[in-house]
Amino acid sequence: MTTFAVATRRLPPRAIGILGAMVAIAVLSQLVAAAPKPAAPRVAIANGPALDAGLAGADNPSADAPGLDRIRADIAFWSGRVQRQPKDFVSATEWAAVEIELARATGDLAAWDLAERATAQALDANPGYGAAVGYRGTVLLALHRFADARDMARPILVDRPNDPFALSTLGDASLDLGAYVDARAAYEALDKVAHSAASMVRLGRLAYLDGHPDEAVRLTRQAADAADAEGAQGERLAWYRCQLGALLESTGDPRGAGAAFSSALVDDPRSWLARVGLARLEAAAGRLDDGIGHLSQAIAIVPLPDTVARRSDLYELRDHAGDAKLAANDRATVEAIARLAGANGVVYDRTLAVYLANHGLEPARAVAIAEKELATRTDVDGYDAYAWALLAAGRAADADVAMTRALALGTRDARLLYHAGMIAAALHDGPRARQLLTSALGLDATFDPLQARRARETLATLP
Amino acid sequence: MKASRNTATTAALLAVAGLVAAIGAGPALVIGADHLDAPTVKTDKRIDITDIYIARRGTSRTTLILNVNPLTSPASAKTAAFRPSALYELKIDINGDAVADIAYRVRFGSVVTLSDGAVRQSFEIRRATGASARTNEWAGTRIALGTTTAAGRSPRVASLVGGGAAFAGIRDDPFFFDLVGFTQFKTKLLAGSTNLSELLGGFTGSDTFAGTNVSSIVLDVPNAAIGGTGRNIGLWATVSIRQNAQWVQVERMARPAINTVFNNTKAEKEAANRLRPTDDRAFDHSNVIATLDAIGNVLTANGLSRYSPAQEEGIANVLLPDILTFKVGNAGGFLNGRQPANDVIDAELSLLTNGHITSDGVNANDAAFPATFPYLAGPHLP
């Protein structure tokens, strides 16, 4: 049987509260930084013996693995310059870039806020400054200010219709706002002016949403290869590999997915995305200890409520002595993280709604959160979360209406089909429920260990 | 001074080379199916040329410098590297036809991390002549193998076959310029302002690049290898990357500020980076005249003498094609070649404004230039 273990240290499973998680970020980052680096991939370049020797192993990504010390020193350097010269848009833009790096490496929402401030300062001093526009788009999307991101990109595209920064921002914002026609137009324009990993992965995402998973895999694989060829390193390159891994996993290729996630960890030993992906694969293969281990590492790097909730599920499934308490601790942590996020807690709203619905907790609150999100963000996953929350609240008929919207593009995704199947079952539409649940498990029999079990149990009860 | 330093909108292909943004959640990555924040759109600074230089070195040699990796902070100096898969070229025209006759080509090996976290790379230099020099390809005679100088180490110098020396590694950025002030000047100029005090009011007197580093390639070559002492030659630099099994030129630079000053739209800057010098007059002539006209309007409005149309035409023909001209062996600085210490911005401001604006208020680099090879100050470190 294939295993997905990687050569990094594992923390023992343990209860971890929000404060513990924050402390563990620092601890584990040190452990990870100290771990031996995997061998760099070898790249053969046929250009004569001397050069071959020198260039073999070119673009070794592990050489540029992010170091938090370096990031923090850079933040001090660039923000200090901005403080001395507030009109220094160059330094403000560099400041934003390293705040974004920090935010991505640690999940620190305060860093997103500072990055927002830095981009605002850069654009105030030099409106339309391309790099600052790009970073601001990223920040606004990260803070779930999708309409603001769209509204920033549009006027820039009037002046500079081929601006890749503005096109990607507009496309991303449109995607999250559920404006798929606009997203496609922006992505296709981006691909035309700058055919690249960035454009391909976006078109891959659209292909997936449109119900063409094979095309999505093809485009995403090309994107990952292109990112490598384009010189992406560290977290960036790992992100592409994780996208590919997730797609392969959801299209029935766990071996390919495992290779992609493991490769991501070579690129970026701090890749929490890769660890979550590996955890999914381990859990799907029944190796719950390993899955919990990967999740614990991911949580120590970036304590996201998604990941903590996932671990609580694995504790519940494993059901060893003490696991119930660990699961309860994790569930308390999910709420605590969302609460501590303060004004930026909105970024966790959808996660929280689905989490509550998954576990039958506070159904009215889950519906309210999902409904609020839908007011500004009418994408596939928004309707899905709303439908799932409505079902949890016992409003199956309303859930069916929302789910129809979620499936309107024809997306072939196990989780969506599972939700639709459970809604059909609640509406006593046995044949439809059977068809949907069978399809969901056929696409990815272990899309979520706990929910997949529920799907199988429900199937068994259908007439 | 390159476009990206001034506008941060680097060439489309340059952007493609490093454009590693991506979209939200992969469908199976998050149980809540929520937004997953993607990497930021970013250009690849490793292939972003900041400046090039050419200067007399004694009676028999000439120094050529190509810098990339703008705005490398002290904390990032240790890990700054050249892009292994890129082709860095210094092109030389020795007969005045704006076509390369000689090319010095440099490629770098994989990044090796030393015990203190600093990095180094092997490099190889090839020299091509004739038709081969005109293209972007990894061809030519090997003239050096070397290793980059890691941050905090003494310069490592490689010998060139046929005489001369080579260096590559992180250095203090020798460029000095009030980019913040100039950007405000240009923004107001393009907005139609003719108020000189308003136009000049944004200059800060601070060198935007003080305290930052670049990755430098420095060659000392025999004069005889570039046409011989006394010959008028032209220099420009390119960077190419592999795309679809071909080398594609994504960067070009010669005189400081040409792309910055005269190409106002991103599309123009992108296109200029992909052209060859022989294309420049057709591509850029009207932009040069338009810019000189705009500045002329400011001068007129302030009772100052402006260039005549014939003079503007003459300046356009001097500035285009965009080649850094140099009389081999001549000790005079910019516009004859470019020495690191030359205040090129003052010279260009004066040229563009018919001698009425003579300085951006920043007159020297923040670090002294050493007299010994590679002639650039060591990097700023934490």
Going through B:LYS78/B:LYS186; A:LYS87/B:LYS45; A:LYS87/A:LYS372 one by one, the pairs whose alpha carbons sit over 31 Å apart turn out to be B:LYS78/B:LYS186; A:LYS87/A:LYS372
Log10 I(q)/I(0) at q = 0.17 Å⁻¹ for segment B:148-256, from Debye over equal alpha-carbon scatterers, is -1.07
Averaged over residues of A:237-244, the number of beta carbons from other chains lying within 10 Å of each residue's Cβ is 4
In whole angstrom, largest first, the equivalent ellipsoid semi-axes that the Cα gyration tensor gives for segment B:304-343 are 25, 13, 8
For B:ASP172, the net charge from surrounding residues (Cβ-Cβ under 14 Å; K, R +1; D, E -1) works out to -3
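Between beta-carbons, use under 12 Å as the cut-off and find the net charge around B:ASP366, counting Lys and Arg +1, Asp and Glu -1.
-3
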Per residue of A:387-399, other chain Cβ atoms within 10 Å number on average 0
With label points set 7 Å from each Cα along the Cα-to-Cβ direction at A:ALA321 and B:SER308, the distance between them in nm comes to 10.2 nm
Mean other chain Cβ within 10 Å across B:103-109 is 3
Here, A:ALA185 and B:ASN297, labelled 7 Å along Cα→Cβ, have an inter-label distance in nm of 3.3 nm
Here FRET efficiency (C-beta to C-beta, A:ASP159 to A:LEU340, R₀ 60 Å, nearest 0.05) is 0.90
Computed over segment A:329-463, the convex hull of the Cα set has an average projected area, in nm², of 8.0 nm²
Filtered hits (aspartates and glutamates, Cα-Cα < 17 Å from B:LYS91, offset >= 8 within chain) -> B:ASP48, B:ASP51, B:ASP101, B:GLU124, B:GLU137, B:ASP220, B:GLU251, B:ASP279, B:ASP280, B:ASP322
Summing +1 per Lys or Arg and -1 per Asp or Glu among the other residues with Cβ less than 12 Å from A:GLY80's Cβ gives -1
Answer in debye to the nearest 20: the dipole magnitude of segment B:46-199 about its Cα centre, from +1 Lys/Arg and -1 Asp/Glu charges placed on Cβ, is 520 debye
dims of segment B:31-181, Cα set, principal axes, largest to smallest, nearest Å -> 66, 38, 35
A:GLU371 and A:ASP108 label points (each 7 Å along its Cα→Cβ direction) are spaced in nm at 3.8 nm
In whole µm²/s, the translational diffusion coefficient that Stokes-Einstein assigns to segment B:49-95, given a Kirkwood hydrodynamic radius over C-alpha pairs, 10 °C and 1.306 mPa s, equals 120 µm²/s
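Throughout, read-outs are computed from the coordinates displayed, never taken from laboratory work. Everything quoted here is computed from the prediction, not taken from an experiment. Glycine also receives a Cβ, built like all others from the backbone with ideal geometry; neighbour counts cover every protein chain displayed.
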